[in-house]
Amino acid sequence: MLSCADPLWLAGKVSAGSLAVVCGDHHATFGELADRCRRLGRGLATLGLRPGDRVAVLAANCHRYLEAHLAIPAAGLVVVPLNTRHAEPELRYAVEHSGARVLLTDRDPGSLAGIVEQVVDLPAGYEALLARAGGDGGPGSGIGEDDLAALFYTGGTTGRSKGVMLSHRNLVANSLHTLSATGLDERDRYLIACPLFHVAGTSAVLSALWAGAAQVVVPAFEPRRVLDLVERERVTVTLGVPTMVAALADEQERDPRDVSSLRLLAHAGAPIAMDVLRRAHRAFPGCRLDHYYGATETAPMATALCHEERMLDRPRGRSCGQPAPGVEVRVVDPTGREVAPGQVGEVVVRGPNVMLGYWRDPEQTRLALRDGWYHTGDLGHRDREGFLFLVDRLKDMIVTGGENVYSTEVEDVLHGHPEVVEAAVFGVPDGRWGEAVHAVVVARGDVAPGELIAHCREHLAGYKVPKAVELRREPLPRSGPGKVLKRVLREPYWAGHETRIV
């Protein structure tokens, strides 16, 4: 029976003298990392916390955040990462809803201080807590693999955030899935570029411990800073959402660095346009490209497609791969019956990585977990070899004149235009057709809406072509994980309509 504590204490013994963490001027070995995590656990106990109590973290990426993510579950407590991009009411909701008793933060806690028993500021209060703990102590015991380890509050793309309950078993399973996909070993240096408040940021943390790989932490994603770190620290592996991959490719082509150490650039969290993959392959020609599909509810990896760079001009290049070891993936119709290869249905997942449920929300848990399967809300199909192809989110599919239009297909075509930086496609009310296809585009230069509509007409059936294209200069609104908030874009068009898509 394994828990999140096991890879931490194991690495602290077998790889004690090897480099584990690089964060600015901070360098720590695995032995030092394990010692600091052990002292943090003991320090939190001095605040009166008991097994199962929740500890919230609101901070930018740093080595202390990495320690907290490891130490809190290892001490039998529950870590609650808070989205630093959320407004104060959203943060307050997550803290109150989770029942967190302690908050670790690098910012002024403001009104949050009134709803937690203890606020520990980073770095001063944090270091004082470690110093007060003192002693070597020993690893926590009695942690069950089905005990709650983390509460991740989802990005809220469809409304109020839900607290996704991930157990020790979920997180350990994901670490093994990540090891299987990435092939991490003691020679690797893994760059944490995604925020640690999201599962994409923490997805390889335990895997690196198992493998004895060092982890390089960057406070926030900036393409220039990330590529400088890749060059200076000889980073070998990193992961980002598609917008990050696109930004890295643009920066590398504009100002090339020596990135020859980078062997794997993975992406996850949102659909990626084929044009972005081609640009990434040009910018990092010796680098492997991987696509990992999943969700917060699957801890997060469910499927993996390795070596996309070999499939850029083949149909399977648009796949998100096959299930991770021990994970089952099906495509089902509305009755829950599995559909034939090539037919579109909802993607459902079962395995040791699937969440326990939503914190204090039995109704949403019942809707998401049915007969042992997690219903993702994603539409897709599988080929005869089990490769999964996503076509859209259930809520984002557009029905116009009785025809189904998958927004991701239209977005992919728009991204193929050289002037398009970002594109979001959704349905808006239409008196004749029910819904009309509408696009919001951020462009690099001067391009007319008519030119983009004509571009789509060359590649798509008439009913899929946007009826209107809205041009914007500012970036599209996104959630913490980097997903476009179509709900925000769509809402003004549906205000006052009885049928409103959310």
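The values are calculated or read from the model by the stated rules, or taken from the named source; none is laboratory data. What you are looking at is a predicted structure, and each value in this text was computed from that prediction instead of being measured. Neighbour counts run over all protein chains shown; Cβ positions are idealised from the backbone, glycine included.
Could you tell me whether LEU77 is under 26 Å from ASP146 (Cα atoms), surrounded by 20 or more Cβ atoms within 10 Å (Cβ to Cβ) and of a type in the set (A, V, I, L, M)?
Working: under 26 Å from ASP146 (Cα atoms): yes; surrounded by 20 or more Cβ atoms within 10 Å (Cβ to Cβ): yes; of a type in the set (A, V, I, L, M): yes.
So LEU77 passes the test.
Within region 76-127, track down each residue that is assigned to a loop (DSSP other than H, G, I, E, B) and at positive phi. GLY76, GLY99 - these are the residues of region 76-127 that are assigned to a loop (DSSP other than H, G, I, E, B) and at positive phi.
The set of residues from region 428-449 being modelled with pLDDT under 85 and either buried (at least 17 other Cβ atoms within 10 Å of the Cβ) or within 21 Å of GLU409 (Cα to Cα) (or both) comprises TRP433, GLY434.
A single member of ASP146, ASP108 is touching a helix residue (DSSP H, G or I) at 6+ places or on another chain (Cβ under 9 Å) and of a type in the set (Asp, Glu), and it is ASP146. Picking from residues in region 254-263 that are within 11 Å of PRO285 (Cα to Cα) and either modelled with pLDDT under 95 or surrounded by fewer than 22 Cβ atoms within 10 Å (Cβ to Cβ) (or both), the one that is farthest from the chain's Cα centre (by Cα) is SER260.
Residue check: SER407 meets all listed conditions (1) under 19 Å from TYR493 (Cα atoms); (2) at pLDDT below 90; (3) among the small types (Gly, Ala, Ser) but one, namely (2). Filtered by the rule that a residue be among the β-branched types (Val, Ile, Thr) and closer than 24 Å to ASP250 by Cα, region 426-449 gives VAL440, VAL441, VAL442, VAL447. Note on region 200-229: residues that are within 17 Å of SER180 (Cβ to Cβ) and either at pLDDT below 95 or in a helix (DSSP H, G or I) (or both) amount to 7. The strands (runs of 3 or more DSSP E) found entirely in region 401-469 that carry 3 or more residues being in contact (Cβ under 8 Å) with a residue 60 or more places away in the chain and outside the structural domain of ALA273 (by TED's automatic domain parsing) are 420-430.
For region 25-60, a residue qualifies if it is under 28 Å from ARG187 (Cβ atoms) and in contact (Cβ under 8 Å) with a residue 24 or more places away in the chain, and the qualifying residues are HIS26, ALA28, PHE30, LEU33, ALA34, ASP35, ARG36, CYS37, ARG38.
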